[in-house]
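Colleague: One structure coming up, written as structure tokens, with questions to follow.
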Amino acid sequence: MHVTVFSAHAFEQDYLTQSAQGQHELRFLDAPLSLETAKQAQGSQAVAVFTNDDASAPVLEQLHAAGVRYVAARAAGYDNVDLAAAHRLGIRVANVPIYSPYAIGEHTVALILALNRRLHLADQQLRANDFRLDNLIGFDLHGKTVGIIGCGRIGGVVARIMHGFGCQLLGYDVAPDVMLSTELGLTYTTLEDLCARADVITLHTPLNGHTHYLINQELLAQMKPGVMLINTGRGGVLNTQDALAAMQSGQLGYLGLDVYEHEKGLFFNDRTRDAPHDETFAQLLAQPNVLITGHQAFLTREALTNIADATINSLTCWESGQPSTTEL
Ligand code: NAI
């Protein structure tokens, strides 16, 4: 089958080619999927899209007109795909629900450790031959309370690692997983109570109508002064402007982000020659206790292999009329 792969990054092309094993003809495009680029899928029965591709209703209509009947999202999150519009058009959609919750969970913990022990600052200072320690004091994670918002696959991995560090665990989820309570002693509570009691808060819900700006000024004000907030879920779950204000006032002590609500067009691109004019982003980066990675939490060899295999498997199932468990 002929498949147009939008936003085909160098880091994933070999994995996809290897998984396809010549079964599918993959056409890699650097360009993200958008209203302008959708017509480039002409001649493909399917497209493969990435996190920041625009698969909204008008774009899906363009894809449909170009002959596309299948959208394979190379990601767990599919908030960028208008599922209702796809179903209306008869376009089937698949995602990769599980490829490695460990990759994202471990990256979350990397952000917690790096921010706490100020590794990003220590590295800068050491490279400048400044070996003083005065501004690098951290805190023991042992005995601290970690609040996990969204205790699914990734939140569960974070819970297990932080339990190993000797942390107390609080959880907030619309569908609590009792295993985390029985195995790790995680206590489910309300969002407000979690925010009031946790020393470290980490976000792992999907982005949808219920979770957009779930963490906002009101909840930030209820958190412990100096709290650490981590978001490796989706940028829109956190009101960035409110988080910036809370950092500037000292209410937030640390902010670790792998996702950013305005990351589209920024993350995954080389912007060294045309640096973006994003005042909020610039002000975040000006804070020493802010650490941002560019949506790389998923980026392990194991995850890339699993994403490629699952994406190709969905396409193969669809082509051969077999049921696929990853269709949405
Ligand atoms: P999951 O579906 O296993 O877990 C999500 C949890 O959130 C579920 O337990 C669900 O009940 C809960 N939830 C849903 N709506 C909620 C609400 N309104 N309030 C409280 N809890 C709610 O998903 P998984 O695999 O853990 O992934 C979570 C998210 O992480 C994805 O949706 C995606 O947006 C993000 N992600 C980020 C990556 C990165 O590279 N930074 C890579 C992969 C996923």
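The values are calculated or read from the model by the stated rules, or taken from the named source; none is laboratory data. None of the values given here were measured: they were computed from a predicted structure. Cβ placement follows ideal geometry from the backbone for every residue including glycine, while neighbour counts extend to all protein chains displayed. These accessible areas exclude ligands, DNA and RNA; they are computed on the full protein's heavy atoms, side chains included. Shrake-Rupley method; radii C 1.70, N 1.55, O 1.52, S 1.80 Å.
Colleague: Sequence gap at least 6, Cα distance under 8 Å: using those rules, report the relative contact order of the range 1-43 to the nearest whole percent.
Modeller: Numbers: 42 pairs, mean separation 23.3, N = 43.
Relative contact order here is 54 percent.
Colleague: If you stretched the chain out fully between residue 140 and residue 320, how much longer would it get, using 0.36 nm times the residue separation minus the C-alpha to C-alpha distance?
Modeller: On the way: separation 180, 0.36 × 180 = 64.80 nm, distance 5.44 nm.
That works out to 59.4 nm of additional length.
Colleague: Å³ per residue of the Cα convex hull, for the range 241-280? Walk me through the numbers before you get to the answer.
Modeller: Details: hull volume 3.4 nm³, N = 40.
Here the figure is 86 Å³ per residue.
Colleague: How are the C-alpha pair distances of the range 101-292 spread across 5 Å bins, as whole percents from the shortest bin up?
Modeller: Once binned at 5 Å, the Cα pair distances of the range 101-292 give 1, 8, 16, 20, 21, 16, 10, 5, 2, 1, 0.
Colleague: Something else: Along its principal axes, what span do the Cα atoms of the chain show, with the longest given first and each in whole Å?
Modeller: Its Cα atoms span 61, 49, 35 Å along the three principal axes.
Colleague: Within the set of other residues whose C-beta is less than 13 Å from the C-beta of residue 223, count the net charge using Lys and Arg as +1 and Asp and Glu as -1.
Modeller: Values: positive: 197, 224; negative: 192, 193, 199, 218, 242.
Charge balance near residue 223 sits at -3.
Colleague: Can I ask one more? For a distance above 16 Å, tell me the whole-number percent of Cα pairs in the range 239-328 that qualify. Can you show the working numbers first?
Modeller: Working: 2660 of 4005 pairs.
Tail of P(r) above 16 Å: 66 percent of Cα pairs.
Colleague: Here's another thing I want to ask about it. What are the ³J(HN,Hα) couplings of the range 285-295, residue after residue, when phi is run through the Karplus curve with 6.51, -1.76, 1.60 and θ = phi - 60°? Round to Hz, x for glycine and proline.
Modeller: 5, 6, 8, x, 9, 10, 10, 10, 10, x, 6
Colleague: Under 29 Å Cα to Cα from residue 39, which lysines show up? Leave out anything in the same chain fewer than 8 places away.
Modeller: Cross-link targets: 264.
Colleague: Roll a 1.4 angstrom probe over the protein heavy atoms and tell me the percent of accessible area of the range 116-262 that is carbon or sulfur. It would help to have the intermediate numbers written out before the result.
Modeller: Values: 3710 of 6890 Å².
Carbon-and-sulfur percentage of accessible area, whole number: 54.
Colleague: For residue 279 and residue 18, what is the calculated FRET efficiency with R₀ set at 41 Å and r taken between the beta-carbons, to the nearest 0.05? Before the final figure, lay out each step's value.
Modeller: Working: r = 42 Å, r/R0 = 1.03.
The computed FRET efficiency comes out at 0.45.
Colleague: Above 19 angstrom, tally the Cα pairs of the range 1-154 and express them as a % of all pairs, no decimals.
Modeller: Working: 7488 of 11781 pairs.
Summing the P(r) of the range 1-154 above 19 Å gives 64 percent of all pairs.
Colleague: Suppose each label sits 7 Å from its Cα in the direction of the beta carbon; what would the residue 174-residue 25 distance come out to in nanometres?
Modeller: The modelled label-to-label distance comes out at 4.3 nm.
Colleague: Work out, step by step, the length gained on full extension between residue 270 and residue 165: first 0.36 nm times the residue separation, then minus their alpha carbon distance; give nm to one decimal.
Modeller: Details: separation 105, 0.36 × 105 = 37.80 nm, distance 3.67 nm.
Difference between extended and current length: 34.1 nm.
Colleague: With an 8 Å Cα cut-off and a minimum separation of 6 or more residues, compute the relative contact order for the range 39-169 in percent.
Modeller: Values: 157 pairs, mean separation 24.8, N = 131.
Taking the mean separation of contacting Cα pairs over the length of the range 39-169, I get 19 percent.
Colleague: Regarding the range 182-286, what whole-number volume in Å³ per residue does the convex hull of its Cα atoms give? It would help to have the intermediate numbers written out before the result.
Modeller: Values: hull volume 12.6 nm³, N = 105.
Here the figure is 120 Å³ per residue.
Colleague: Near the amide H of residue 145, under 5 Å away, which other amide H atoms are found, from residues 5 or more places off or on another chain, if H is placed in the peptide plane?
Modeller: For residue 145, whose amide H was placed from the backbone, the distant partners under 5 Å are 168, 199, 200.
Colleague: Here's something else I'd like to know. Would you work out the charge dipole size for the range 1-85 about its Cα centre, treating the Cβ of every Lys and Arg as +1 and the Cβ of every Asp and Glu as -1, and quote it to the nearest 20 debye? Working shown, then result.
Modeller: Numbers: 4 positive and 10 negative charges, 52 e Å.
Taking the Cα centre of the range 1-85 as origin, the dipole is about 240 debye.
Colleague: Given +1 on the Cβ of Lys and Arg, -1 on the Cβ of Asp and Glu, and no further charges, what dipole in debye does the range 101-292 carry about its Cα centre, rounded to the nearest 20?
Modeller: Details: 13 positive and 20 negative charges, 66 e Å.
My answer is approximately 320 debye.
Colleague: To the nearest 10 square angstrom, what accessible area does residue 264 show with a 1.4 Å probe?
Modeller: Around 120 Å² of this residue is reachable by solvent.
Colleague: Roll a 1.4 Å probe over the protein chains and send me the accessible area per residue for the range 103-229 in Å². Kindly include the intermediate steps, with their values, before the conclusion.
Modeller: On the way: 6390 Å² over 127 residues.
That works out to 50 Å² per residue.
Colleague: Over the range 101-292, what is the relative contact order in whole percent, taking alpha-carbon pairs under 8 Å and six or more residues apart?
Modeller: Numbers: 332 pairs, mean separation 36.5, N = 192.
It comes to 19 percent, rounded to a whole number.
Colleague: How long are the semi-axes of the equivalent ellipsoid of the range 118-158, taking √(5λ) for every eigenvalue λ of the Cα gyration tensor, in whole Å from largest down?
Modeller: Details: eigenvalues 206, 36, 8 Å².
Taking √(5λ) for each eigenvalue gives 32, 13, 6 Å, largest first.
Colleague: Could you work out which residue, out of 217, 168, 21, moves most in a Gaussian network model of the chain, that is, has the largest mean-square fluctuation with Cα springs under 10 Å?
Modeller: Ranking 217, 168, 21 by mean-square fluctuation puts 21 first.
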